[in-house]
Amino acid sequence: MACFEFELKPREESPSPRGFTGDIGPFGSVVVIRPRGNPKQASLKQVLLSGPSFPDAEFGGGRRILPSLDGGWLKVDGTLVDMDIKVKGVRKGSRWLEMALQDRKYTYTSLGFRKQAQLKRESVTVTLNTGPWDPEKKRSPVRFGKAEGDVDATDLAIALVLEEVDSGCLTTSGALLAIPGRILFGSGYRDEGMPGTE
């Protein structure tokens, strides 16, 4: 499939769930939402993706207030994706996420929540960038995407659902902020967000 670009627009913050919607080239419409929890309860830590041409994708859990790569889980079409955060050092670009879904191997990098992110596998690259913040509307800016190579709906579903997930653990600053918690509580203090538990 040829390279194509797309645009994601934020959903209205209230009363709708947070998230975005867009038309993704030949794959058509998609909606990604981060459902709101009851104000008196903890955050749902959940992101859901749906669209007529897309497999259902769900992200849940994590040790932060938002759904987070650090300790979270991802399912695509009911299949759990193996995820492993890799650390090579403390400099920029030295942290990434490796994922495996059946016979596919992915690498995911991010400059932070709602900043530039890139998902790669063999002959596929999906890149997402965030437009400037709109101070008048006080809402998430438009996001711009580019798909290159033999991209299919599964590749796009993974890249898009991760747009509403806190990826701070892949940044140097996020890693440094996590150090005090790990020293005080150890890695066991994270919410591993095991799927299937309510």
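Worth pointing out:
- In terms of surrounding Cβ atoms within a 10 Å radius of their Cβ, 158, 85 rank from fewest to most as 85, 158.
- Residue 136-residue 44 FRET efficiency (beta carbon distance; Förster radius 35 Å; 0.05 resolution): 0.75
- Gained length - residue 2 relative to residue 82, 0.36 nm times residue gap less alpha-carbon distance: 26.0 nm
Any read-out appearing in this document is the output of simple, stated calculations on the displayed coordinates, not a laboratory observation. On a predicted model such as this, the values are computed, not experimentally measured, just so you know. Neighbour counts run over all protein chains shown; Cβ positions are idealised from the backbone, glycine included.
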